[in-house]
Amino acid sequence: MDKIEIIGRQTLKGDVRISGAKNAALPLMCASLLTDKEIILKNIPRLGDIATMISVLEHLGAAIHWKSHDIISLNVAHIETSEAPYDLVRKMRASILALGPLLGRYGQAIVSLPGGCAIGVRPIDIHLKGFEKMGAHITIDGGNIHAKAPQNGLQGCDFHFPVVTVTGTENMIMAAVLANGVTTLTNAAQEPEINDLCDLLVKIGADIHNDLKGTITITGVSSLNGAIHSVIPDRIETGTYCVAPLMYGGDVTLHNTDPSYLNSFLDVLKSIGAIIKTTDDSIYVSHPGHSLKSFDISTSPYPGIATDLQAQLMALMCVCKGTSTVLENIWENRFMHVPELRRFGANITVEGHKAIVEGQYPLKAAPVMATDLRASVSLVLAALAAEGKTVLNRVYHLDRGYENFEHKLRSCGVHIERKPNHTPSVNLVQTIAS
């Protein structure tokens, strides 16, 4: 298992090309299950989660190959099996997105209850209630979801999401495009990744209308075609690199991105003193050269502050002057990075779903451990401002969501290096027994 070493107290200067959005690419890949024609996706990031999704889809019968570094071809002429087993699904929660298209096209599916980052329960009961409203019979047995459409196929319905759910919305959209009749989803998620999925589905022949206010209407069609589609830029990666030069100093220009996806986030950075300049597809971020102001955030569905940027912003709070607060309203267990940030010397208090950060305590390098994808990158950001050499363990979390991470930081002047971790593993049970 690799580790990353970072020398802190470095100013950044350079250009970073933002990769395609992981959270858009995964549902787009699952959409290939809806048609027997080829789908070509451009701007696909090379990530651990992408590799996992390829394994899931190939198991189901997809023929997949890379046409270039960031272009992938997917063709599911025949679905070989409707079962996505535990060994594959446990690696990534987004594997549940195979359920909707399998039900819609094949009429049945067996998908293991999903795994992934330990940041909360993430119940999928809303997905299942939606499928049941469309006529599907759902049972859970042995850790597997067994879903079967009625003999005449899924039926259109009106479904109101009790809470906003991105994967739930995506799953329901994909189930509905081949269903009989009209499906109307209300209180549906409106993240850019949702719109990207709808754009691809319309390209391949789906009939979808999104009012961009929370209501999505899908009129079922009998079959779908192929298409070529480019994945939108990753707004979470963009936000991460926006924070990087603000940790200690410097400036970076981010290319191949879309600032409109991050209006709320960029407003926060401007309010604390960061210098921000944008074009249609780039963001320039510069440290002002003096102390940044403290700030408060509250995570919420799009267009609010994304929960996937909460850990990065908390790292930033550690170097801001004054007291900052975080209200985490999406996941109940997303402060797992707090104990690791404290190892740098950060002064953070957690009260339920609220964290209070007293800024400008001197940060010093420490050995730290990633607990989930976004937590891992918050530790890298803290390391940029810490005195000394930080060692980050469990970097496979980073590899799930950040393409060419070390290279991109190194191109901006960061002293960062990946090394194999030779620390021997210890079997605690055997140790105690001996």
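Here, each number is a calculation from the coordinates, and none is a lab measurement. Everything numeric in this text was worked out from a predicted model, so none of it was measured. Using ideal geometry, Cβ is built from the backbone for each residue, glycine included, and neighbour counts are taken over all protein chains shown.
Assign one of three labels to the range 322-404, namely rounded, prolate or oblate, based on the Cα gyration tensor with a ≥ b ≥ c the square roots of its eigenvalues; rounded applies when a/c is under 1.5, prolate when it is not and a/b is larger than b/c, and oblate otherwise. Note, shape of the range 322-404 comes out oblate.
Within straight-line reach of LYS293, meaning a Cα separation under 30 Å, sit the following lysines at least 8 residues removed in sequence or on another chain: LYS13, LYS270, LYS277, LYS321, LYS354, LYS364, LYS389, LYS408. Shown for ASP49, ASP15: other C-beta atoms within 10 Å of each C-beta, ranked fewest to most, produce the order ASP15, ASP49. A Cβ-based charge dipole, computed about the Cα centre of the range 22-218 with Lys and Arg at +1 and Asp and Glu at -1, lands at about 180 debye. Given points 7 Å out from each Cα along the Cα-Cβ axis, report the LYS419 to SER282 separation in nanometres with one decimal. Here the answer is 3.7 nm between the modelled labels. Summarising the strand pairing of the chain, around 70 percent of its internal DSSP beta bridges are antiparallel. Applying 0.36 nm per residue to the separation of GLU80 and ASP2 and subtracting their alpha-carbon distance, the gain on full extension is 24.5 nm. Against the main long axis of the alpha-carbon atoms of the chain, helix 192-203 sits at an angle near 30°.
Spin-label point model (7 Å from Cα, Cβ direction): what's the SER68 to HIS407 distance in nm? Each label point is offset 7 Å from its Cα along the Cβ direction, giving 1.5 nm.
Pairs of Lys residues in the range 22-218 are counted when their Cα atoms are under 16 angstrom apart and they lie 8 or more places apart or on different chains; the count is 7. Treating the angle as unsigned and between 0 and 90°, give the value, to the nearest 10°, between the Cα long axis of helix 166-176 and the longest Cα principal axis of the chain. Here the helix axis deviates by roughly 20 degrees. Computed from the C-beta positions of VAL391 and ASN195 and an R0 of 41 Å, the FRET efficiency is 0.55 to the nearest 0.05. For the chain, report the translational diffusion coefficient in µm²/s to the nearest whole number, using Stokes-Einstein at 4 °C, 1.567 mPa s, and a Kirkwood Rh over Cα pairs. The calculation lands on 58 µm²/s.
By the beta-carbon count within 10 Å of each Cβ, the least crowded to most crowded order of TYR402, TYR86, fewest first, is TYR86, TYR402. Give the calculated FRET efficiency between GLN360 and ASN256 to the nearest 0.05, with a Förster radius of 41 Å applied to their Cβ-Cβ distance. Result of the calculation: an efficiency of 0.75.
Residues TRP331, TRP66, ranked from the fewest to the most other C-beta atoms within 10 Å, line up as TRP66, TRP331. With contributions of -39500 (n - 2.57) from each DSSP H run of at least four residues, the per-residue ellipticity at 222 nm computed over the chain stands at -9000 deg cm²/dmol.
Farthest toward the positive end of the dipole of the range 22-218, out of HIS69, HIS137, SER95, is the Cα of HIS69, where the dipole comes from beta carbon charges about the Cα centre.
Could you work out the per residue convex hull volume over the alpha carbons of the range 22-218, in cubic angstrom?
108 Å³
A Cβ-based charge dipole, computed about the Cα centre of the chain with Lys and Arg at +1 and Asp and Glu at -1, lands at about 980 debye.
Across the chain, C-alpha contacts under 8 Å between residues 6 or more apart give a mean separation that, scaled by the residue count, equals a relative contact order of 21 percent. In the range 369-406, which residues have a backbone nitrogen under 16 Å from the label point lying 7 Å from ASN347's Cα in the Cα-to-Cβ direction? It comes to no residues whatsoever. Farthest towards the positive end of the charge dipole of the chain, among the residues PRO150, ALA227, GLY345, is the Cα of GLY345, using unit charges on the Cβ of Lys, Arg, Asp and Glu.
Extension gain for VAL202 to THR139 (0.36 nm times residue separation, less C-alpha to C-alpha distance): 19.5 nm.
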